[in-house]
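Contents: one structure, followed by commentary.
The values are calculated or read from the model by the stated rules, or taken from the named source; none is laboratory data. Bear in mind that the values here come from a model prediction, so they are computed numbers and not experimental data. Note that each Cβ is placed from the backbone with ideal geometry, even for glycine, and that neighbours are counted across all protein chains shown. Calculation scope for accessible area: heavy atoms of the full protein, side chains included, ligands and nucleic acids excluded. Shrake-Rupley method; radii C 1.70, N 1.55, O 1.52, S 1.80 Å.
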Amino acid sequence: MPTWQLRLLRGRPGSSPRLETYRVELPAEAYLIDAVEKIWAEQDRSLLFRHACHHASCGACGVRVNGRERLMCITPLREFSPDGVIQVEPLRHFPWLGDLLVDVSPMMRRMAEVGFAIIRRDELTADRPLPEGIEQITRFEDCIECGLCLSACPVMAADEAYLGPATLAAIERMLAEPRGGDTARLLTLADDPHGAWRCHSAMECTAVCPSNVDPASAIGRLRRRLIVEKLRRWIGGGR
Amino acid sequence: MSYHVVVIGAGSTGAAVAHDLALRGFRVTVVERGEVASGTSGRNHCLLHSGGRYAMRDPESARECIEENMILRRIMPEALELNDGLFVALDEQDLSFKERFLAACEECGIPAREIPVKQALALEPHLNPHILAAVQVPDGVFEPFRFCLSFLATAKHNGATVLTYTEVVDFVFQGRTVVGVRVRDRRTGEERVIGGDIVVNAAGPWSGKIAAMAGVDVPVVPTAGVMISVGRRWNRMVINRLNMPGDGDIIVPQRRTAIIGTTSWRVEDPDFIPIPEDHVRLLLDRAERFIPGYTRGGIRGVFAVARPLVGRRGVAADGRELSRTFECFDHAVDGVEGFVTITGGKMTTARAMAEKAVDVVCAKLGLEIPCRTREVPLLSYRAFF
Amino acid sequence: MREVPRWKRASGWIDLRGRREGGLAFLLMRLTGIGLVIYLFLHLYVLRLLAQGPEAWDAFIAMAKSPLFLALDGLLILGILYHALNGVRVTLLGLGIGVPHQARLFWGVMALTLLMTAIAAYAIFTIAG
């Protein structure tokens, strides 16, 4: 069984973090989350990290792997060489709580403000006649609220008031399928210097998204919609 | 009344217990050594059971499932994908179970109905075209992390305190009565005592270890299972094999993935479960029989976790033979007062488990407060943060 | 989000570890943008010489024909071209157009920038030199 070398960012707020190397034996079919969990179980019980579902559904295990935002649970070890080092650091642009753990509540509170429909129509069956007794099929939104896009976004680094890619994408989803929601409020939320206009199209959100959300395109659609609304108001409301 | 209850574990059981306690007016502190749902609850198969899976072998558990399924649809719509389930017969042997299955579902109160094969294939175009029969049941899919967060968010709203990354290291006794727990804050390393009138052990497959800390025995049998998530959602409905529960006989869809599970073997230490390679091969082989080309979208994740099955004290049995129902142990019978363990069960039945546990807590304190968790809708999981 | 000093936040957008084309394009856009603002003030400062009579201006022009100065002109053109061409790319992407092709668009911008800079440099050195 191959031995993998992991370099984990360790430490607690108040002291400067350090990188520590661990060696862990696991088959190449295992995932990074298995390696980190095994280090916690067998080598260092003080290691802090977030995880829950282990299949990219809960969004808890986002970290930076060799600098890039990934979910540990769907990062296979076979991507790496046992001779190399896998460096794991916490997400950026979140308050750091220690080791690989960050506080995601600022993002969650922003998402809660949007209050978007968490359930969406299932595209597989949206246009298919369903047998009697089967209701319209629904499924969860693509966004798992993992925060990878916030960590990857360079604008988040400079503007802490920026709504961020996940939130803007959520607003766009809500506008696309409002189900009686208050669209005017959402447009106001997005039409803000720290909202849709703050994005500088670095495209890293879409590049790191593990769940097909494509926030960059969503922000583009949101802007188009805001422009149309403004034009309509400008033409219609002209005195 | 201001009794204080300490709940150990923030998985589905602990979260539901905290919610029930808070709703009945208790002061509640939940201690969890990791993240919410970082144990068995998080790594769940995500199946909101209709009960169909247990109707033939374990009707008690099946009845609990359908009842709770209907309650959860009312109280936590945010954490559910309501997409129904199909039981499909892949061969003649499966087909021979059909009548028995329909009768068992009827017996347990599970709305099940056979749909023509052609219709099933129209609904599920990727399903093996050679299926012999299909029965539709009200299965569903939940989001395990949000499931637990919803209960905890509501509990917090009602005054509960949730301490994550806080590990129980010991129990505090007064004579033979548990009066609190000693916990370590894993972020600071500091230890402190949290006093409680009652301590509820809701640590799932770890509840045996926790109980041992208090010097009592809980016959929990950590029974692991493997699940494999792939890069494509092949099915909209949950696809079950129409047979007795076995390995690799259920594919649960969620978002854009599908998850085949499970296997079953007994483990000693649920902290880290190495994944047996032959289980992966077996699951993929079985998945192929339901949905030819199952892995064509690539394998996305492979994970294993231990179920907290309840054995009979002194009786050796494990895996598929053990009931999926739950047990609440008042350790007064073991000579330890102030300590209750709630374990076993399914995530689908978490609310019912909590009701039972809190009924026991109330009885121990001589209180009569009715349970209201059937009616009260839960807050959004985001309210937890 | 909190307890981060302002100067440290700048290192957040300069840090390219883990970033791909989009992040690189963003960083270059900012750096060329800052460069162009600095150039604008230099330019205004130089134009001030016009008010000081022909001698001052001619002396400057003579210096401006030195190879080092011409190389700086090339650099300026490189920055302007990148900023302008990527500006078109970012405008489209910002409206959600061509997002799946953003990386290719970036390399296209780079290729076009270098090609046009090369032509411009050739012109500068042959005409001025």
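Brief remarks follow.
- Taking Cα centre as origin and charging only the Cβ of basic (Lys, Arg, +1) and acidic (Asp, Glu, -1) residues, the dipole magnitude of chain B rounds to 960 debye.
- By DSSP, the beta bridges lying fully in chain B are antiparallel in about 75 percent of cases.
- A probe of 1.4 angstrom, applied to the heavy atoms of all protein chains, finds C:D58 with accessible area near 90 square angstrom.
- Modelled label reach - C:I127, point 7 Å along Cα→Cβ, segment C:38-81 residues with backbone N closer than 16 Å: C:64-66, C:70-78, C:81
- Taking every lysine pair in the protein assembly as shown that is 8 or more places apart or spans two chains, those with Cα atoms closer than 20 Å amount to 5.
- FRET efficiency, 1/(1 + (r/R0)^6) with R0 30 Å, evaluated for A:R23 and B:R182 via beta carbons: 0.35
- Label-to-label distance for A:D44 and A:A184 is 5.5 nm, based on points extended 7 Å past Cα in the beta-carbon direction.
- Alpha-carbon centroid distance for the pair segment B:190-247 / segment A:85-117, whole angstrom: 26 Å
- Ranked packing of B:231-240, B:187-196, most packed first, by mean Cβ within 10 Å: B:231-240, B:187-196
- The portion of the accessible surface of chain B made up by carbon and sulfur, rounded to a whole percent, is 50 (1.4 Å probe; DNA, RNA and ligands excluded).
- Percentage of interatomic Cα-Cα distances in chain A larger than 22 Å: 59 percent
- Counting only alpha carbon atoms, the long axis of helix B:59-75 and the longest principal axis of chain B meet at about 80°.
- Above 17 Å, the calculated P(r) of segment C:1-113 contains 67 percent of its Cα-Cα pairs.
- When each of the peptides B:166-177, A:64-75 is scored by the mean number of other C-beta atoms lying within 10 Å of its residues, the order from highest to lowest reads A:64-75, B:166-177.
- Cα→Cβ-extended label distance, 7 Å offset, between B:R281 and C:A111, nm: 4.8 nm
- Value of Rg to Rh for the protein assembly as shown, rounded to two decimals, is 1.05; Kirkwood radius and Rg both from alpha-carbon coordinates.
- Computed over chain B, the per-residue total of -39500 (n - 2.57) for DSSP H runs of n ≥ 4 gives a 222 nm mean residue ellipticity of -8000 deg cm²/dmol, rounded to 500.
- Average beta carbon contacts from partner chains per residue of A:151-162, 10 Å cutoff: 4
- Projected onto planes of every orientation and averaged, the convex hull of the alpha-carbon atoms in segment A:3-102 covers 5.9 nm².
- Applying a 4.7 Å Cβ-Cβ cutoff to chain A leaves A:C61, A:C73, A:C143, A:C146, A:C153, A:C199, A:C209 as cysteine residues with no disulfide-compatible partner.
- Considering every alpha-carbon pair of chain B, the percent of pairs per 20 Å bin, from zero through the bin containing the longest distance, is 30, 56, 14, 0.
- The 1.4 Å probe gives accessible areas that order B:T161, B:T349, largest first, as B:T161, B:T349.
- In this label model, C:A59 and B:V172 are separated by 8.5 nm, measuring between points 7 Å along each Cα→Cβ vector.
- Segment B:220-369 gives an Rg/Rh value of 1.07, both radii derived from C-alpha positions and Rh following Kirkwood.
- The 1.4 Å probe gives accessible areas that order B:L322, C:L50, largest first, as C:L50, B:L322.
- Highest mean first, the peptides A:189-197, A:168-176, B:42-50 sorted by other C-beta atoms within 10 Å per residue fall in the order B:42-50, A:168-176, A:189-197.
- Chain A: angle of helix A:105-114 to the longest principal axis, Cα-based, in degrees nearest 10: 20 degrees
- Hydrophobic long helices, here whole DSSP H runs in chain C with Kyte-Doolittle means of at least 1.0 and Cα atoms spread over 30 Å or more along the helix axis, are found at C:21-47, C:67-94, C:102-128.
- Rounded to the nearest 20 debye, dipole of segment A:3-102 from Cβ charges on Lys, Arg, Asp, Glu: 380 debye
- Averaged over peptide B:21-28, the number of partner chain Cβ atoms lying within 10 Å of each residue's Cβ comes to 0.
- Value at 222 nm in deg cm²/dmol, rounded to 500, when DSSP H runs of n ≥ 4 in chain A each add -39,500 (n - 2.57): -9500 deg cm²/dmol
- Inter-chain neighbour count for B:158-165: the average number of beta-carbon atoms from partner chains within 10 Å of each residue's beta-carbon is 1.
- Helix B:144-157 axis, angle to chain B major axis (alpha carbon atoms, nearest 10°): 30 degrees
- DSSP-defined antiparallel bridges as percent of all bridges, the protein assembly as shown, nearest 5: 75 percent
- Relative to the Cα centre, the charge distribution of the protein assembly as shown, modelled as +1 at Lys and Arg Cβ and -1 at Asp and Glu Cβ, gives a dipole magnitude of about 2220 debye.
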